[in-house]
Amino acid sequence: MSTVDNSVSGAVPGAPAPRRQPAWLELWPVQALLFLALLVAVWAVTEALNLVIPAYQGQILLFTGINVIITLGLNLITGVTGQLSLGHAAFMAIGAYAAAICTVSLHLPFALALLLGGLVAALFGVVLGFPTLRLSGDYLAIATLGFAEIVRVVNTNLKITNGAIGYYGIQKRVDLPLVAMLAVAAVAAMAWLENSRNGRAMRSVREDEIAATASGVNTTFYKIQAFAVGAFFAGVGGGLYAHTTTFIQPTDFGFLKSVEQLSMVVLGGMGSIAGTVLGTIVLTAAPELLRFMSNYRMLVYGATLIVLMIFRPGGLLGGVDLRDAVRRALMLGRSRTVRTSVGGDGQ
Amino acid sequence: MAVDGVSMDVRQGEIRALIGPNGAGKSTIFNLVTGVYRPNQGTIRFGERSLNGVPPHRLAGLGIARTFQNIRLFSSLSLMENVLIGAHSRGRSGLAGAVFRLPPFRQEEENLSLQAWEALAFMGLDQKAGELAKNLPYGEQRRLEIARALVSQPRLLLLDEPAAGMNPQEKSALMETIRRIRDTGITVFLIEHDMRVVMGISDRVAVLNYGKKIADGLPAEVREDAGVIEAYLGTGGKRERRRTRPVVALPQVALEGGAGHAGN
């Protein structure tokens, strides 16, 4: 879809002259079709890929895709809106269990189960959003941590989730093409959200709540919305996860999982979609690829993170405007559109 | 700091100044008007409607915009984006609009962009629209804050010490800018310490001291007022010793008008 470039026709002196695409390209139906075509292309490519690459690498790609969907949600909450969340895995758990129960116990179609998993997680996202009314920064982080623990303990003790034994018998319904399409759709949705009045409002909450309020932004609303949408993505990711591993247990979604997810966002650059994707790829693939030095891989993994945080605390792509960087790399000169923002520096 | 029994009005189309020594309660008045503080007693009216209990984020939509004493910009965002956020109340699209991007959404984005450009151009910042706010020199940061306030097309603009930290040329330019703003039909209400600025542009001046209003009128009248002179300079001679008395908290006497208390 068109990214709205904030240049306007030359009525105002100083405004850059607009880049004009051919008129038909700007029509909404055309752009909708182009997007669908992109999804089909992704599906086709990954179907082909699936036939060629070995199962192990395929699994890595698959889990990377699932993680991307989940971490994009966390990026929205923490990177874009500035609400530190240490319990993101709880939303993944809620989505996983909800989707699993839908297919196994309720015999609902898979797509519906996935959607419901996301929506139930979103509902809990709203619930977790309310403490943000009174808490901020470190205190909010503790509250999210507590929430994640509550979810884990509840899952361990409910009958319907089969408790500590774990939920088994889930059908394997997920393959690489599906995950790839959903991941691409997730990235697109996040990019569109970022480049909108809604996205700007969320960033203003991160930057300065008082100034945001004075500008007319209902900061409470957008914080809660961030949690809801972020949770939705995590819930869908959780549902995909459950139908990949066919067996889930409460300890899959504990604090370490939340930390992993946060690391992916922070590594790539908080607030940056491309950064989040990159960080997720690196931190999903690296432990697997370093398996050959498995005794030391956690050491290397941890050390890498520390080195990166010392030399690039903004994350790999933090502070980088992707369009400008690509143009410079291709030597096309600086972009003529007005840069509306750079991936947040985060906290 | 409490504000005690202050009654004042701002007339449409005027440039109204609020002055007084540090701690007199001027920012408290601003915070009362913008809903950050709620008054214990009294009402705050904007035209026909009461502002009591109106949540702060609704004020921009009602036509009240403000700048801050310590400059509150969205530092890691660009000038353009800062101003676009200022226009938040002028738009309506939400989550659905952003994701589906149908023509109404795109039209609204274009309109907001145009308004943002105009605000930046009005304040002379359009050439730097793509820069990050934190990279601007101080004077331009102040101008950006004003641009962000203007883009919401307010009826009333509150300026909190707009001349702070400016050199004389910048202050003269600021005075000219404020006049230009008033000429577009916006009422300006400002807190300011620089007397040249205040006396130079204000239609009426109100003076606070220790939470009470001690003078209110034309700049020339206020400048001659004995109480005002004493508040700022003290009087000489045997009264000199009194000036070092510590500031005491005022009793919360309910008088006519707005009495406000910091907090909630």
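The values are calculated or read from the model by the stated rules, or taken from the named source; none is laboratory data. This one's a predicted model, so the numbers in the text were calculated from it and none came from an experiment. Virtual Cβ from ideal backbone geometry, glycine too; neighbours counted across all protein chains shown.
A few comments on the model shown:
- Test: residue in region B:32-48 that is facing chain A (nearest Cβ under 10 Å), of a type in the set (D, E, K, R) and free of Cβ contacts under 8 Å to residues at least 60 places away in the same chain: no
- Checked across region A:87-96, the condition of being surrounded by fewer than 22 Cβ atoms within 10 Å (Cβ to Cβ), at pLDDT below 95 and not hydrophobic (A, V, I, L, M, F, W, C) holds for no residue.
- Tally of residues being modelled with pLDDT under 90, surrounded by 15 or more Cβ atoms within 10 Å (Cβ to Cβ) and over 15 Å from residue A:124 (Cβ atoms) across region A:135-161: 4
- Every test in (1) at pLDDT 85 or above; (2) in a helix (DSSP H, G or I); (3) in contact with a strand residue (DSSP E or B) (Cβ under 8 Å, 6 or more places away or on another chain) is passed by residue B:228 save one, and that test is (1).
- Looking only at residues in region B:86-96 that are free of Cβ contacts under 8 Å to residues at least 60 places away in the same chain and more than 7 Å from chain A (Cβ to nearest Cβ), the one that is farthest from residue B:181 (Cα to Cα) is B:96.
Here's the yes/no breakdown for (1) out of contact with any helix residue (DSSP H, G or I) (no Cβ under 8 Å at 6 or more places or on another chain); (2) over 24 Å from residue A:203 (Cβ atoms); (3) at pLDDT 95 or above:
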position: A:4; (1), (2), (3): no, no, no
position: A:9; (1), (2), (3): yes, yes, no
position: A:26; (1), (2), (3): yes, yes, no
position: A:47; (1), (2), (3): no, yes, no
position: A:66; (1), (2), (3): no, yes, yes
position: A:114; (1), (2), (3): no, yes, yes
position: A:117; (1), (2), (3): no, yes, yes
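- Qualifying residue in region A:104-123 (condition: under 18 Å from residue A:253 (Cβ atoms) and of a type in the set (Phe, Trp, Tyr)): no
- Of all residues in region B:173-201, those that are farther than 21 Å from residue B:122 by Cβ and either in a strand (DSSP E or B) or at pLDDT 95 or above (or both) total 1.
- Qualifying residue in region B:58-68 (condition: more than 10 Å from every other protein chain (Cβ to nearest Cβ), out of contact with any Phe, Trp or Tyr (no Cβ under 7 Å at 6 or more places or on another chain), surrounded by fewer than 21 Cβ atoms within 10 Å (Cβ to Cβ) and not in a helix (DSSP H, G or I)): yes
- Failed criterion for residue B:95 (all others in (1) assigned by TED's automatic domain parsing to the domain that holds residue B:46; (2) surrounded by fewer than 20 Cβ atoms within 10 Å (Cβ to Cβ) hold): (1)
- In region A:198-213, the residues that are more than 7 Å from every other protein chain (Cβ to nearest Cβ) and more than 19 Å from residue B:101 (Cα to Cα) reach residues that are of a type in the set (D, E, K, R) and part of a helix (DSSP H, G or I) with C-beta atoms within less than 8 angstrom, at least six apart or across chains, in these pairs: A:205/A:223.
Listed here are the residues, each with its yes/no results for (1) facing chain A (nearest Cβ under 8 Å); (2) crowded, with 24+ Cβ neighbours inside 10 Å; (3) under 24 Å from residue B:27 (Cα atoms).
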| position | (1), (2), (3) |
| --- | --- |
| B:73 | yes, no, yes |
| B:76 | yes, no, no |
| B:84 | yes, yes, no |
| B:116 | yes, yes, no |
| B:121 | yes, no, no |
| B:131 | no, no, no |
| B:135 | no, no, no |
| B:145 | no, yes, yes |
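- If you go through region A:250-278 and pick out every residue that is of a type in the set (Gly, Ala, Ser) and buried (at least 22 other Cβ atoms within 10 Å of the Cβ), you end up with 6.
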